[in-house]
Amino acid sequence: MLASCNLNTVYNYNKTIPESVWNQDAVVRFDVEITDTSSIFDFYLTLRHTTDYKYNNVYFFINTTFPDGKMARDTVEFILADKKGKWYGKGFGRMKDLKILLKKGLRFQHGGVYLFEFEQAMRVKNLTGITDLGISIEKE
């Protein structure tokens, strides 16, 4: 849907936000099996939103659980439109797709299952207009 597949893509999966309403208590989870600990990867977020989305940005909390059980939490902001309101995403009509680089030059230290959890952090209980969220991990 949002990211093109190629031979360097090791993981690419998108999840639909039910009814395009993302409750602040809802978590979007991705379990990713990593076996290659020697290659370098780029980690992308793929996002689909409608042109009815009220903001020019979006904040996320990203929780990562590593195969050894350790955890990390980050807060990130992505700009979706310029100051004049022109959307950066591509697409026709009301839907816009955006592929955003989260981390370049990533090397996974441990093989095993990584759990990536995304929460919307926009200070509203129900964030409307985000329809899909995904991640793509690609070899450099």
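Every read-out reported here was derived from the displayed coordinates using simple, explicitly stated rules and does not represent laboratory data. Owing to the predicted nature of the structure, the values given are computational and were not obtained by experimental measurement. Cβ: placed from backbone, ideal geometry, glycine included. Neighbour counts: every protein chain shown.
Which of the residues spanning region 10-32 are within 13 Å of the chain's Cα centre (by Cα), farther than 20 Å from Met71 by Cβ and either surrounded by 17 or more Cβ atoms within 10 Å (Cβ to Cβ) or not polar (S, T, N, Q) (or both)?
Asn12, Tyr13, Asn14, Lys15, Ile17, listed by residue number.
If I ask for residues that are in a strand (DSSP E or B) and within 28 Å of Phe41 (Cβ to Cβ), which ones from region 121-140 would you list?
Ile130, Thr131, Asp132, Leu133, Gly134, Ile135, Ser136, Ile137, Glu138, Lys139
Suppose the filter is touching a strand residue (DSSP E or B) at 6+ places or on another chain (Cβ under 6 Å), within 16 Å of Val10 (Cα to Cα) and part of a loop (DSSP other than H, G, I, E, B); does Phe116 pass it?
So Phe116 does not fit the description; no.
Read through the list (1) in contact with a Gly (Cβ under 8 Å, 6 or more places away or on another chain); (2) farther than 23 Å from Asn23 by Cβ, then give the number of the only condition that Asp52 fails.
Tallying (1) in contact with a Gly (Cβ under 8 Å, 6 or more places away or on another chain); (2) farther than 23 Å from Asn23 by Cβ, Asp52 fails exactly one: (2).
Across region 33-75, which residue is surrounded by the fewest Cβ atoms within 10 Å (Cβ to Cβ) among those that are within 24 Å of His110 (Cα to Cα) and among the acidic types (Asp, Glu)?
So the residue we want is Asp68.
Can you find a residue that is closer than 27 Å to Gly69 by Cα, β-branched (Val, Ile, Thr) and under 15 Å from the mean Cα position of the chain (by Cα) anywhere in region 119-138?
For region 119-138, residues closer than 27 Å to Gly69 by Cα, β-branched (Val, Ile, Thr) and under 15 Å from the mean Cα position of the chain (by Cα): present.
Pick from region 74-97 the residues that are of a type in the set (D, E, K, R) and over 16 Å from Met122 (Cα atoms): which of them is farthest from the chain's Cα centre (by Cα)?
Out of the qualifying residues, it is Lys84.
Scanning for something out of contact with any Lys or Arg (no Cβ under 7 Å at 6 or more places or on another chain) and aromatic (Phe, Trp, Tyr), does region 31-49 turn up at least one residue?
No: region 31-49 contains no residue that is out of contact with any Lys or Arg (no Cβ under 7 Å at 6 or more places or on another chain) and aromatic (Phe, Trp, Tyr).
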